[in-house]
1. Do we have A:Leu43 as crowded, with 16+ Cβ neighbours inside 10 Å and assigned to a strand (DSSP E or B) here?
2. Scan the range A:14-40 residue by residue and report those that are open to solvent by 70 Å² or more (accessible area, probe 1.4 Å) and closer than 27 Å to B:Glu5 by Cα.
3. Just the residues that are surrounded by 14 or more Cβ atoms within 10 Å (Cβ to Cβ) and over 18 Å from B:Ser26 (Cβ atoms), please, taken from the range B:82-91.
4. Is it true that some residue in the range A:59-81 is out of contact with any Phe, Trp or Tyr (no Cβ under 8 Å at 6 or more places or on another chain), on the phi < 0 side of the Ramachandran plot, of a type in the set (Phe, Trp, Tyr) and free of Cβ contacts under 8 Å to residues at least 60 places away in the same chain?
5. Which one of these does A:Thr5 not meet: (1) open to solvent by 60 Å² or more (accessible area, probe 1.4 Å); (2) under 24 Å from A:Leu116 (Cβ atoms); (3) in contact with a Ser or Thr (Cβ under 8 Å, 6 or more places away or on another chain)?
6. Only one residue in B:Glu45, B:Glu57 is open to solvent by 70 Å² or more (accessible area, probe 1.4 Å), more than 11 Å from every other protein chain (Cβ to nearest Cβ) and under 14 Å from the mean Cα position of the chain (by Cα). Which one?
7. Residues in the range B:37-52: is at least one more than 28 Å from A:Ala56 (Cβ to Cβ) and in contact with a strand residue (DSSP E or B) (Cβ under 9 Å, 6 or more places away or on another chain)?
8. Among the residues of the range B:1-23, is there at least one that is loosely packed, with under 15 Cβ neighbours inside 10 Å and in contact with a helix residue (DSSP H, G or I) (Cβ under 7 Å, 6 or more places away or on another chain)?
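The values are calculated or read from the model by the stated rules, or taken from the named source; none is laboratory data. Computed from a predicted structure; not experimentally measured. Positions of Cβ are generated from backbone atoms using ideal geometry, with glycine treated the same way; all protein chains shown enter the neighbour counts. Remember, those area values only see protein heavy atoms, side chains included, never the ligands or the DNA or RNA. Shrake-Rupley method; radii C 1.70, N 1.55, O 1.52, S 1.80 Å.
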Amino acid sequence: DSGVTQTPKHLITATGQRVTLRCSPRSGDLSVYWYQQSLDQGLQFLIQYYNGEERAKGNILERFSAQQFPDLHSELNLSSLELGDSALYFCASSVVGRATNTGELFFGEGSRLTVL
Amino acid sequence: QKEVEQDPGPLSVPEGAIVSLNCTYSNSAFQYFMWYRQYSRKGPELLMYTYSSGNKEDGRFTAQVDKSSKYISLFIRDSQPSDSATYLCAMVRSGYSTLTFGKGTMLLVSP
């Protein structure tokens, strides 16, 4: 158990809909990262927050947005969903804003999104 | 060309075999290199972390980095069925905070 909690574990929805994925980081971790994992693209970095502020942005679509709340939990909002958005969405956390010290991110078990 | 290339496998070996997993990368700015292991239906977990060129050993696992060739490897000795998982290489540029992952290699170790 990494200590990172993600909900929901599974989500099935229709094209055009909007969903919210939630992540609670490990106790004491200030940084939250969102990754998307698909068979053809692998693990793709979406966005990072550090202590409530956006720290880095990756390949995140404009239809997607995220935020980190004062209690450090984070939410990833996906809107106008398309079939291609079906994937595993992982949240990870780390103590510091940089992953360079040991490269250790603690991943949750993911939220599997299926868009029909 | 993707920044990090990794053969997706699957790689099937018998129990006790020595396994070699590899990644190549194109960006010489990558300075820190990691291997993550991901079991089915689980999130990735850090297995090994290296910085400099050379070898780093941890039990049955050895991570090797060759920065001149932009090539990293993970060796698993005496492989066990419990090693069956997807192995992802990851790397990060100095001064940056986000990891770039390979697509992962699926390893199957049969008893």
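1. Values: crowded, with 16+ Cβ neighbours inside 10 Å: yes; assigned to a strand (DSSP E or B): yes.
For A:Leu43, the condition - crowded, with 16+ Cβ neighbours inside 10 Å and assigned to a strand (DSSP E or B) - is met.
2. Hits for the range A:14-40 are A:Leu39, A:Asp40.
3. Going residue by residue through the range B:82-91, those that are surrounded by 14 or more Cβ atoms within 10 Å (Cβ to Cβ) are B:83-91.
Correct list: B:Asp83, B:Ser84, B:Ala85, B:Thr86, B:Tyr87.
4. Yes, the conditions are met somewhere in the range A:59-81.
5. Only one criterion in (1) open to solvent by 60 Å² or more (accessible area, probe 1.4 Å); (2) under 24 Å from A:Leu116 (Cβ atoms); (3) in contact with a Ser or Thr (Cβ under 8 Å, 6 or more places away or on another chain) is unmet by A:Thr5, namely (2).
6. Result: B:Glu57 is the single residue among B:Glu45, B:Glu57 that is open to solvent by 70 Å² or more (accessible area, probe 1.4 Å), more than 11 Å from every other protein chain (Cβ to nearest Cβ) and under 14 Å from the mean Cα position of the chain (by Cα).
7. From the range B:37-52, those more than 28 Å from A:Ala56 (Cβ to Cβ) are B:40; that's our starting set.
Now narrow it down to the ones that are in contact with a strand residue (DSSP E or B) (Cβ under 9 Å, 6 or more places away or on another chain): B:40.
Yes, some residue in the range B:37-52 is more than 28 Å from A:Ala56 (Cβ to Cβ) and in contact with a strand residue (DSSP E or B) (Cβ under 9 Å, 6 or more places away or on another chain).
8. Yes, the range B:1-23 has at least one match.
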